[in-house]
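For reference, the structure discussed in these notes is given below.
The values are calculated or read from the model by the stated rules, or taken from the named source; none is laboratory data. Small disclaimer: the values here were computed from a predicted structure and weren't measured. Here the Cβ positions follow ideal geometry from the backbone for every residue, glycine too, while neighbour counts run over all protein chains shown.
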Amino acid sequence: MKGPWGRGTRWLTCITVDPAQFGATNEDIRLALEAHNIESRPLWKPMHLQPVFAGCEVVGGDVAAALFQHGLCLPSGAAMSDTDLERIVTVIQSLHR
């Protein structure tokens, strides 16, 4: 939500996908977007899952791991047009079963 003193930057837009409910995985969505020349990417890999931290003590981590497993960063930005948004949404909706 933006205040009356500014405007949204739309810096980062992410979703989580429940494959059982949606009918496709976050990777299915990423690949479909890529096929339409639309860039997206998985959420950042949690530190405790990165090889450099293998063997380190982990406190918690289940939420971060689940977000990484099911999350996807979508295109976003202040310069995105309504046409861009509709194109992205159309590709994602085409995978819904």
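List pairs: first in the stretch 28-39 and touching a residue at least 24 places away in the same chain (Cβ under 8 Å), second basic (Lys, Arg), Cβ under 9 Å, 6+ apart or cross-chain?
30/41; 36/87; 38/87
Say whether the condition of being at pLDDT 95 or above and among the small types (Gly, Ala, Ser) is met by at least one residue in the stretch 77-84.
Among the residues of the stretch 77-84, not one is at pLDDT 95 or above and among the small types (Gly, Ala, Ser), which makes the answer no.
Can you tell me which residues in the stretch 29-47 are basic (Lys, Arg), within 19 Å of residue 85 (Cα to Cα) and surrounded by fewer than 16 Cβ atoms within 10 Å (Cβ to Cβ)?
Hit for the stretch 29-47 is 41, nothing else.
Just need a number here: residues in the stretch 39-70 that are touching a Lys or Arg at 6+ places or on another chain (Cβ under 9 Å) and more than 21 Å from residue 19 (Cα to Cα).
Number satisfying all stated conditions: 0.
Okay, residues lined up against (1) under 21 Å from residue 97 (Cα atoms); (2) of a type outside the set (A, V, I, L, M, F, W, C):
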{"site": "16", "(1), (2)": "yes, yes"}
{"site": "32", "(1), (2)": "yes, no"}
{"site": "43", "(1), (2)": "no, no"}
{"site": "52", "(1), (2)": "no, no"}
{"site": "55", "(1), (2)": "no, yes"}
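Restricting attention to the stretch 1-28, and to residues there that are part of a loop (DSSP other than H, G, I, E, B) and at pLDDT 95 or above, which single residue is surrounded by the fewest Cβ atoms within 10 Å (Cβ to Cβ)?
So, considering only residues that are part of a loop (DSSP other than H, G, I, E, B) and at pLDDT 95 or above, the one surrounded by the fewest Cβ atoms within 10 Å (Cβ to Cβ) is 18.
So which residues in the stretch 71-97 are assigned to a loop (DSSP other than H, G, I, E, B) and loosely packed, with under 11 Cβ neighbours inside 10 Å, if there are any at all?
78, 79, 81, 96, 97
Quick one: which residue in 96, 70 is in contact with a Gly (Cβ under 9 Å, 6 or more places away or on another chain) and either over 30 Å from residue 7 (Cβ atoms) or not small (Gly, Ala, Ser) (or both)?
Only one candidate qualifies: 96.
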